[in-house]
Ligand code: NOJ
């Protein structure tokens, strides 16, 4: 009787309030130090077009991801971030969303998505979606309606303005766009629409009109989108292009800056269309909703200093839990001091860092850092860096294999529109989005059909099947490193204690926790280095070192007078008293 009463109560609750949000129970604080799951997580970014093609049409899909969850589990990641898989004309390969509440048929169905979430849950792999908050596709119903007339319901959901200097009534009378702002994708930022004789604003392609976040209806609609997916069990969102959510309502011209950009246009300081203070209001609203579902927000936060990055956490920790630190991706060359200074500044800021070394918009790290002679060793060393620092890490698919950039050879081969607009200076982002390399067979085992982008020749050696058999491969290195990161308390909880602060070549640090530490030593130079450490100031007067990992070819020898580090050698050891 008692049971049937409570079943009735649950049924009544469901009748009145609908299904309880599925996500709640999954994302509670996890450890003795009060850390949440995402603080120890490695989030694996998947570009769904390029990961695995289950139906052999040349494009990856959700089923393809699902079929490889065991691979990801074995690799040792905690969550996948899937770049946009919503219905889209695919002008910007999904970053032009025409319906936020569905899955693009190219990638599958909502039930494929639900199955992916459920299968991920069984393996303790959470699913994070990419939320394009700044703009929609011009084929979204909101924009179609907005464009239809000046008095349409959604007119004010986007940024429409009269041209400057004209009578505002005829194309001839509209001499110039409303101001001098530029689209970051090499086109003008304003597109004229003859139907209503006004311009609309787009920070990206003309097919990506900017939403007007000053309109409360827009904010409400976007919060509802997040609720739709939270209820389906997503663990959070990566928020796209948050810097550009707001524009100066007075449309003040941006001031000029020296030089020209990669599209040959005069540079300007994006003072009036980027990083406006109101962005933080939107972050707080999105966070409030995320908190209702115990979910996490990652931000695509392009910042030029740590203070800007800190702002994205919110003065009261009420904005993004995980604003990406993308600053290291812009460093030129490998200079220990540059990394040391940056990491010190990030730690001093007192927030939980989120390290990233590459993604679908950035030349792959293997290519960017590689010197042609030590590429694998450098890639392992850089992996050791971003995966042993105090903080969360976001890795890009294929990094664990040493996938390299495969840039188009001619303008005709380019798929990414910015590569066509900016050729040859800007080749676009195809090179970093090539198919995942599963085997050394045709199309790297990604698809039986011709893939939408070609695989590089290096797929012959750098692929899952081949690397799985080689104990010294990048893949096995990543597996060991990720296992260590998840099991070693000093790496999970330890503080960051820099060592040998003046060494121009070798970056070294401890992660200390409860009287133990992990020592990480990275030779960022192409020459052998000898290094010794005085660990007494760090609390280890008589340290004992037990080696945990090095990068096979660049073996490092521990001797009485210190470590002999090979070019780009890395060395990780457990330190006890
Ligand atoms: C940032 C995304 O990462 C990029 O791929 C996209 O083109 C722009 N935002 C526009 O959405």
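Using Cα atoms only, what is the angle between the long axis of helix 474-487 and the major principal axis of the chain, expressed in degrees (0 to 90) to the nearest 10?
90
Give the angle, between 0 and 90 degrees and rounded to the nearest 10, that separates the Cα long axis of helix 110-122 from the longest principal axis of the Cα atoms of the chain.
20
How many angstrom separate the Cα center of region 270-288 from the Cα center of region 366-433?
Centre-to-centre (Cα) distance: 30 Å.
Would you list 484, 403 from fewest to most Cβ contacts within 10 Å?
By the 10 Å Cβ count, ascending, the order reads 484, 403.
In deg cm²/dmol, rounded to 500, what helix-only [θ] at 222 nm does the chain give when every DSSP H run of at least 4 residues adds -39500 (n - 2.57) and the total is split over its residues?
-7500 deg cm²/dmol
At a Förster distance of 30 Å, what's the computed FRET efficiency of residue 262 paired with residue 194, Cβ-Cβ distance as r, to 0.05?
Efficiency computed from Cβ-Cβ geometry: 0.45.
To the nearest 0.05, how large is the calculated FRET efficiency for residue 487 and residue 288 if R₀ is 35 Å and r is the Cβ-Cβ distance?
After rounding, the FRET efficiency stands at 0.50.
Between residue 373 and residue 224, what is 0.36 nm times their sequence separation minus the Cα-Cα distance? Round to one decimal in nm.
Stretched fully, the residue 373-residue 224 segment lengthens by 48.5 nm.
To the nearest 0.05, how large is the calculated FRET efficiency for residue 269 and residue 102 if R₀ is 41 Å and r is the Cβ-Cβ distance?
After rounding, the FRET efficiency stands at 0.55.
Give me the percent relative contact order of the chain, please, defined on Cα pairs under 8 angstrom at least 6 residues apart.
Worked out over the chain, it gives 12 percent.
Under a point spin-label approximation (7 Å from Cα along Cα-to-Cβ), what is the residue 253-residue 332 distance to one decimal in nm?
Here the answer is 3.0 nm between the modelled labels.
With each pseudo-label sitting 7 Å past Cα toward Cβ, what's the residue 71-residue 175 distance in nm, one decimal?
Here the modelled spin labels are 5.9 nm apart.
Can you put 427, 73, 332 in order of Cβ neighbours within 10 angstrom, beginning with the fewest?
So the residues, fewest neighbours to most, are 332, 73, 427.
Please say if region 141-201 is rounded, prolate or oblate, where rounded means a/c under 1.5 for a ≥ b ≥ c the square roots of the C-alpha gyration tensor eigenvalues, and otherwise the choice is prolate for a/b larger than b/c and oblate otherwise?
oblate
Once you keep just the Cα pairs under 8 angstrom separated by 6 or more residues, what percentage relative contact order results for region 141-201?
31
Relative to the longest principal Cα axis of the chain, at what angle does helix 216-230 sit, 0 to 90 degrees, rounded to 10?
Relative to the chain, helix 216-230 is tipped by roughly 50 degrees.
Quick note: the coordinates plus some simple rules give every number you see, no bench work behind them. Predicted, not measured: the structure shown is a model, and the values here were computed from it. Every residue, glycine as well, gets a Cβ built from its backbone with ideal geometry; the counts of neighbours run over all protein chains shown.
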